[in-house]
Amino acid sequence: MMYDVSPLTHIRHTNPEKALEKACKDFEAIFIHQLLKSMGKTVSEGILDAGLADEIYKDMLYMNIASSVAQSGGLGLSEILSEYIRTDGTQEHATRFLPGDRISTSE
């Protein structure tokens, strides 16, 4: 998962579409990570004590799960976000779709 956006600067100049896709997938991974962290607070402690090691392990686990889910299509948030950005948020170009639907980038 990427939190530093400086590598996107180079990609943006060479391949803007790939940069948009990567930024949207990274955003989705961060969003999923936050969901998992919130849900994790509702679960009992587990095999480790409630110390720093347990927090670090859980955070790393949530980051890996979030990254995997986002890269595999995840919640569909990255597709929705990238479509919205491509159309500049204008309603006349935006299409309604459900997560998992294929989005055509050609008009």
Within the set of pairs 6+ apart or on separate chains, which have a first residue in region 1-24 that is farther than 14 Å from Ala70 by Cα and of a type outside the set (Asp, Glu), a second that is in a loop (DSSP other than H, G, I, E, B) and at pLDDT below 75, and C-beta atoms under 9 Å apart?
Leu8/Met2
Given region 1-103, what helices (runs of 4 or more DSSP H) lie entirely inside it while holding 1 or more residues that are modelled with pLDDT under 65?
6-14
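The values are calculated or read from the model by the stated rules, or taken from the named source; none is laboratory data. Keep in mind that this is a model prediction, so the values were computed, not measured. In this analysis, Cβ positions are derived from the backbone assuming ideal geometry, glycine residues included, and neighbour counts consider all displayed protein chains.
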